[in-house]
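For reference, the structure discussed in these notes is given below.
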Amino acid sequence: MRVTEKGEQQESLPNEGRAPLEVVRRGVAVRGVVQGVGFRPFVYRLAMEEGLAGSIGNDTDGVTIEVEGLATRVEAFLTRLRTETPPLARIDAVAVREMAAIGEKGFRIVASEVLGRVSTGIPADAATCADCLRELLDDEDRRYDYPFLNCTNCGPRFTITRQIPYDRPQTSMAKFKMCAACQAEYDDPLNRRFHAQPNACWECGPVVWVTGANGAEFAVDDPVEWSVGRLVAGEIVAIKGVGGFHLSVGATSEAAVARLRERKHRYGKPLAVMVRDLEGARTICELSKEEEELLQVSARPIVLARARAGNGIATSVAPGVPWLGVYLPYAPLQHLLFADERVKALVMTSANLSEEPIAIDNDEALARLGGIADAFLMHDREILQRCDDSVAAVVEGAPQLIRRARGYVPLGVELPFEAPPLLAVGGHLKNVFALARGRHVYQSQHLGDLENLRGLEFFKESLKHLMRTFEIEPETVVHDLHPGYLSTEWAKEWAADRELPVIAVQHHHAHIAACMAENLLEGPVIGLALDGTGYGTDGRIWGGEVLIARLEGFERFAHLEYAPMPGGEAAIREPWRMAIGALRAAGIDVLNAEILERLGAKESEARILLRMMERGVNTPETSSCGRLFDAVAALVLRRREVDYEAQAAIELEGIAVDEPDAQGYTTELIGGDWERREPTRIRVEAMWGELLEDLRKRKSQAGIAARFHAGIADAFVKAAVKAREATGAAQVAMSGGCMHNRRLVRLLSKGLRREGFEVFSDRQVSPGDGGLSYGQAVVAAAMMKSKPAES
Ligand SMILES: [Zn+2]
Ligand SMILES: [Zn+2]
């Protein structure tokens, strides 16, 4: 038997010296995402076309195939198996073994049995495929205009599944009995709908209807056309989708968008825009080849791309930033909305209030959204798992996930080594938990902030579901080092109830470990963790860190010099406080009239902060890079307060989007003694002086932002060089929330490569806190591997 390494294609067995007409038999084991994605009918068809006998069946690790026939045809079959793989399948490994020919005739699909533990689980939700879309718009087809058509290459999966095995009775399609025509397709191995679990049509499947805000149904002929009419009239329509409801308005109407924001209590945060097709996306955004590809992957993420000037989209959709979150329809119902010529671009935003979980149930939607939506486009295919839209961007030429949810969950991310069953609960904001077992980590969908009861309920409900889905009973619970996180408290209680051991993992170590594991790095590496805030081993708030990291441990090599955060959490919501803290730390007189004017602060307010800092009252110290961005943005952009986390930093990147690279502001490396494990401090005092000078000279905001980005990148490149001199490590893993900043990533990568470093970034998991649980799982598993638990 020959097993390939991950991702490599196995060469088939050599055929030399065999008579061309020799009959051979092969056993083929395929691992990867090969169940519920049309793999068996695909193999069946290949076997037919190559004139081979044998069988295929699902097993716990993937599929098992036996084929028998002419040696040359078996060769061809094995090649095509890997080159013509169905769109949603992913082959991780193929193992081929020789068997004795038995003279079998015909090819069979063996019924699915659940044998022991199932490692393949449930596939992710996939966008309507091209074949289904053609049928949807073909008035001769029996599924013309049918809002729930799908096939083995597309359709809902994770969001409609109660538990494994992924079979119709375990999905919310169970209550719909297939009509004779659908059943015939479902049973025919050569049909595109063979074992397509959500298969349905006008005769037998789910239906749509419309209601007012009070839930009373409107009697209309065509609910979709009626909804389009309301949208065109500027109303807010709640539309039930795949992973939850969307709130939708016409994206070109300033008044409609403003009303949506008002009612949703969401003011500054950009809203996503759905357009009909790639052509539509091109008219509102400037897209690179990579961005166009990303828009079209079957997960259909929201892609952050440069907005085109004068694109007609209401400016209140994405105020203050030069990007737009754009995406393409992924459900037939959405395609039908866009089939109406009047619909060009729709705001499609998660139906919730601020950071609460997305609404999925019809009654829940009416109760929670009754005050927001004017009308509801409902359907009766129940959503069993809440799942927001995923968000991604192209960073340095490759996709980066910002929010990993619909279309990606629950696909596992591979681990470089075996992990015992464990649960990693993630962080606080943008929470995602992870379950690990064997060589896989399964991250939950994006759950949102664990600050309200609904958020915690969502966490618990999703955990229960994923534990059942993957049949993982955690034996260890991993949490962040921060004692105050709700996730930490919850993890400790949950573990205590089950008498399980807990492991605390430092926030930035988890970020770097995530990047290392994804890139198969064992370390030690130089980890650049540039981030918002995370609890440090010294009890202070870290976030501008240079770590010497291995998977199971780390040392702190360097960090941004500490600055006070007057008011603690309040300084995150009000960057002007952060600016006062940072300027004060740099020895600058913050009572200066010009500074106060720029910060929109009264002298009395500033004096209060100064007193707080002097007395150390509610003034934690932070080395956070994100907070430094906030402070600079407060001063340069006059951004006193923010509506959402990291808004100021994002706007600072945005304002410089067209600005050429500039000479960075001055930073210095201070102190540090690696032998004695004393970290080097990165001092930005001189930078503040130069920046204030530029402001006095009325230099442009864009130019100042560009110089700031360059200065920060220079500082961390210098620190990495010093780390290499001290430790010999020459690989750099970059992670943390600031890695969403494309300018910063570009400058860092360029600077590091110029110095001869190998540079690595997160791709499959988010570099922000959405990727934290993956890193926690990696660190805990590595710790247990290097030092088995005493028993
Ligand atoms: Zn399809
Ligand atoms: Zn039917």
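The values are calculated or read from the model by the stated rules, or taken from the named source; none is laboratory data. Because the structure is a prediction, the values reported are computed rather than measured. Cβ sites come from the backbone with ideal geometry, for glycine too, and all protein chains shown count toward neighbours. The area values use the complete protein model at the heavy-atom level, side chains included, leaving out ligands, DNA and RNA. Shrake-Rupley method; radii C 1.70, N 1.55, O 1.52, S 1.80 Å.
Observations
- Here Ala571 clears all of (1) surrounded by fewer than 21 Cβ atoms within 10 Å (Cβ to Cβ); (2) among the aliphatic types (A, V, I, L, M); (3) modelled with pLDDT under 95 except the condition numbered (1).
Here is a yes/no grid of residues against (1) under 21 Å from Gly229 (Cα atoms); (2) of a type in the set (A, V, I, L, M, F, W, C):
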{"site": "Tyr330", "(1), (2)": "no, no"}
{"site": "Lys344", "(1), (2)": "yes, no"}
{"site": "Glu356", "(1), (2)": "no, no"}
{"site": "Ala367", "(1), (2)": "no, yes"}
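- Of the numbered criteria (1) over 30 Å from Asp125 (Cβ atoms); (2) under 24 Å from the mean Cα position of the chain (by Cα); (3) not charged (D, E, K, R), the one Leu500 fails is (2).
- Taking the conditions (1) in contact with a helix residue (DSSP H, G or I) (Cβ under 9 Å, 6 or more places away or on another chain); (2) of a type in the set (A, V, I, L, M); (3) open to solvent by 40 Å² or more (accessible area, probe 1.4 Å) in turn, Ile608 satisfies each one other than (1).
- Pair list, Cβ under 7 Å, 6 or more apart: region 724-736 residue under 19 Å from His508 (Cβ atoms) and in contact (Cβ under 8 Å) with a residue 60 or more places away in the chain, other residue open to solvent by 10 Å² or more (accessible area, probe 1.4 Å) and of a type in the set (Ser, Thr, Tyr): Met734/Ser761
- For region 575-595, filtering for residues that are free of Cβ contacts under 8 Å to residues at least 24 places away in the same chain and open to solvent by less than 10 Å² (accessible area, probe 1.4 Å) leaves 1.
- Looking across region 148-186, just one residue is over 24 Å from Lys464 (Cβ atoms), open to solvent by 60 Å² or more (accessible area, probe 1.4 Å) and either within 12 Å of ligand 1 (Cβ to nearest atom) or touching a residue at least 12 places away in the same chain (Cβ under 8 Å) (or both), and that is Lys177.
- For Ala76, the requirement of being more than 16 Å from ligand 2 (Cβ to nearest atom), under 20 Å from Asp167 (Cα atoms), modelled with pLDDT of 85 or more and not in a strand (DSSP E or B) is not met.
- Boolean, Pro501 is open to solvent by 30 Å² or more (accessible area, probe 1.4 Å), under 30 Å from Val759 (Cα atoms) and touching a residue at least 24 places away in the same chain (Cβ under 8 Å): no
Residue by residue, here is whether (1) open to solvent by 10 Å² or more (accessible area, probe 1.4 Å); (2) without any contact (Cβ under 8 Å) to a residue 40 or more places away in the chain holds:
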position	(1), (2)
Glu341	yes, yes
Val347	no, no
Ile358	no, no
Glu364	yes, yes
Leu377	no, no
Arg386	yes, no
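- The requirement of being touching a strand residue (DSSP E or B) at 6+ places or on another chain (Cβ under 8 Å), farther than 30 Å from Ala255 by Cβ and of a type in the set (Val, Ile, Thr) is not satisfied by Val237.
- Going through (1) without any contact (Cβ under 8 Å) to a residue 12 or more places away in the chain; (2) within 17 Å of Ile512 (Cα to Cα) one by one, Arg753 falls short only on (2).
- Number of the exception - Arg162 against (1) more than 24 Å from Pro86 (Cα to Cα); (2) in contact with a strand residue (DSSP E or B) (Cβ under 9 Å, 6 or more places away or on another chain); (3) within 16 Å of ligand 2 (Cβ to nearest atom): (3)
- Any hit, region 465-474, residues being in contact with a Gly (Cβ under 7 Å, 6 or more places away or on another chain) and surrounded by 20 or more Cβ atoms within 10 Å (Cβ to Cβ): yes
- If only residues of region 517-533 that are of a type in the set (Gly, Ala, Ser) and over 17 Å from Thr622 (Cβ atoms) are counted, the one that is surrounded by the fewest Cβ atoms within 10 Å (Cβ to Cβ) is Gly523.
- Glu341 vs. criteria of a type outside the set (Phe, Trp, Tyr) and either part of a strand (DSSP E or B) or within 27 Å of the chain's Cα centre (by Cα) (or both): no
- Some residue of region 663-673 being at pLDDT below 95 and touching a Cys at 6+ places or on another chain (Cβ under 9 Å): no
- Residue within region 744-763 that is in a helix (DSSP H, G or I), in contact with a Gly (Cβ under 7 Å, 6 or more places away or on another chain) and open to solvent by 10 Å² or more (accessible area, probe 1.4 Å) present: no
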